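**Q** I'd like to ask you about the structure that follows.
The values are calculated or read from the model by the stated rules, or taken from the named source; none is laboratory data. Everything numeric here is computed off the predicted structure, so don't read it as measured data. All Cβ positions, even for glycine, are placed from backbone atoms using ideal geometry, and neighbour counts span all protein chains on display. Ligands, DNA and RNA are excluded from the accessible area calculation, which covers all protein heavy atoms including side chains. Shrake-Rupley method; radii C 1.70, N 1.55, O 1.52, S 1.80 Å.
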Amino acid sequence: MERILIAEDDRQIRSFISFSLKSQGYDCVEASTGNAALNIIATYKLSAILLDLGLPDIDGIEIIRRVRTFSKIPIIVVSARDQDHEKVEALDTGADDYLTKPFSVKELFARLRVIFRHSNKYEAPIIYKVADLEIDLEKHKVLLTGMEIHLTPMEYDVLTLLVKNAGKVLTHKYILKEIWGSYLESDTQTLRVFMANIRRKLEFNPAAPRYIITEVGVGYRFAED
């Protein structure tokens with residue numbers, strides 16, 4: 001049974017999330033402060049953390065930073081803070097995903113499924129399929145409705161990075177560092193050009209993408225099947 005820590009100072013929200021997760025078979029432990037959350041993380045064997053950034057004693061970003069010094073446990077931020085720079089900071093500090101309040105329970109369940117699929121026990125499929133798109137990671141082939149699509153080596157590297165993290169939001173900074181090995185604010189425009197080129201090749205309607213979803217001001221997310 002997956003055990004999830006709910007670090008949230010609002011009792012009603014905490015109880016609602018706990019009830020919803022338990023109805024799906026998850027085990028839950030709860031914390032209303034940052035110190036309590038850190039004590040639980042150090043004591044319990046957890047599968048994931050749902051973390052509110054606005055805890056009364058320790059800011060959520062600092063909690064993420066501390067946890068990442070000793071653990072790779074998946075962290076999903078669940079917060080009312082909806083500013084792009086705060087989302088980016090949380091993800092770059094080490095959070096695996098970000099949900100803005102209010103959110104649907106179905107979306108929370110979906111994000112958790114993604115997190116657990118990308119845990120250490122999960123191996124990415126050699127062939128990834130979603131709708132009419134198929135990416136064969138072993139043969140380095142991309143097929144759309146059965147027709148092979150030509151991508152440049154750099155475009156292919158960007159696409160496979162997204163595919164291997166399907167369902168997760170990857171920040172501009174993360175993608176640039178993984179693909180180009182460095183990050184400058186000015187490079188973000190270069191990344192946008194690459195994404196536009198990839199979309200023109202993969203999307204039936206690039207203005208309403210099916211596969212590569214833009215998280216405005218934050219980064220990109222590859223759709224799940």
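**Q** Is there any pair with a first residue in segment 133-151 that is under 16 Å from ILE198 (Cα atoms) and free of Cβ contacts under 8 Å to residues at least 24 places away in the same chain and a second that is open to solvent by 40 Å² or more (accessible area, probe 1.4 Å) and of a type in the set (Lys, Arg) whose Cβ atoms are under 9 Å apart and which are 6 or more apart or on different chains, and what are they?
**A** Final answer for the pair search is GLU134/LYS141; GLU148/LYS141.
**Q** If we scan segment 187-208, do we find a residue that is modelled with pLDDT under 90, assigned to a loop (DSSP other than H, G, I, E, B) and under 20 Å from the mean Cα position of the chain (by Cα)?
**A** no
**Q** Tell me which residues, restricted to segment 40-61, are assigned to a loop (DSSP other than H, G, I, E, B) and more than 15 Å from ARG3 (Cβ to Cβ).
**A** Hits for segment 40-61 are ASP52, LEU53, GLY54, LEU55, PRO56, ASP57, ILE58, ASP59.
**Q** Now for a different question. Of the residues VAL29, VAL88, VAL67, only one is hydrophobic (A, V, I, L, M, F, W, C), at pLDDT below 90 and either out of contact with any Phe, Trp or Tyr (no Cβ under 8 Å at 6 or more places or on another chain) or over 19 Å from GLY217 (Cβ atoms) (or both); which?
**A** The match here is VAL88.
**Q** Are any residues in segment 19-34 open to solvent by 80 Å² or more (accessible area, probe 1.4 Å) and either polar (S, T, N, Q) or in a loop (DSSP other than H, G, I, E, B) (or both), and if so, which ones?
**A** GLN24
**Q** Okay, moving on. Could you check segment 1-18 and list, in sequence order, the residues that are crowded, with 17+ Cβ neighbours inside 10 Å and assigned to a helix (DSSP H, G or I)?
**A** ARG14, ILE17, SER18
**Q** Another question about this same structure. Does segment 137-159 contain any residue that is of a type in the set (S, T, N, Q), in a helix (DSSP H, G or I), open to solvent by less than 60 Å² (accessible area, probe 1.4 Å) and within 21 Å of ILE175 (Cβ to Cβ)?
**A** no
**Q** Now for a separate question. Which of the following residues is over 16 Å from the mean Cα position of the chain (by Cα), part of a helix (DSSP H, G or I) and either touching a residue at least 12 places away in the same chain (Cβ under 8 Å) or surrounded by 14 or more Cβ atoms within 10 Å (Cβ to Cβ) (or both): ALA110, ALA90, ALA37?
**A** ALA37
**Q** Moving to a separate point now. Please go through (1) β-branched (Val, Ile, Thr); (2) open to solvent by less than 50 Å² (accessible area, probe 1.4 Å); (3) touching a residue at least 12 places away in the same chain (Cβ under 8 Å) for VAL216 and return the number of the only condition it doesn't satisfy.
**A** Just one mismatch for VAL216, condition (2).
**Q** Further question: Among residues belonging to segment 45-87 that are exposed (fewer than 13 other Cβ atoms within 10 Å of the Cβ) and either touching a strand residue (DSSP E or B) at 6+ places or on another chain (Cβ under 6 Å) or of a type in the set (Phe, Trp, Tyr) (or both), point out the one that is nearest to ASN35 (Cα to Cα).
**A** It comes out as PHE70.
**Q** Another question about this same structure. With the structure loaded, tell me whether ALA95 is of a type outside the set (Phe, Trp, Tyr), part of a helix (DSSP H, G or I), touching a strand residue (DSSP E or B) at 6+ places or on another chain (Cβ under 8 Å) and within 15 Å of VAL169 (Cα to Cα) or whether it fails that test.
**A** no
**Q** I'd like to know if segment 49-69 contains one or more residues that are touching a residue at least 12 places away in the same chain (Cβ under 8 Å), in contact with a Pro (Cβ under 6 Å, 6 or more places away or on another chain) and farther than 25 Å from LYS173 by Cβ.
**A** No; the residues of segment 49-69 include none that is touching a residue at least 12 places away in the same chain (Cβ under 8 Å), in contact with a Pro (Cβ under 6 Å, 6 or more places away or on another chain) and farther than 25 Å from LYS173 by Cβ.
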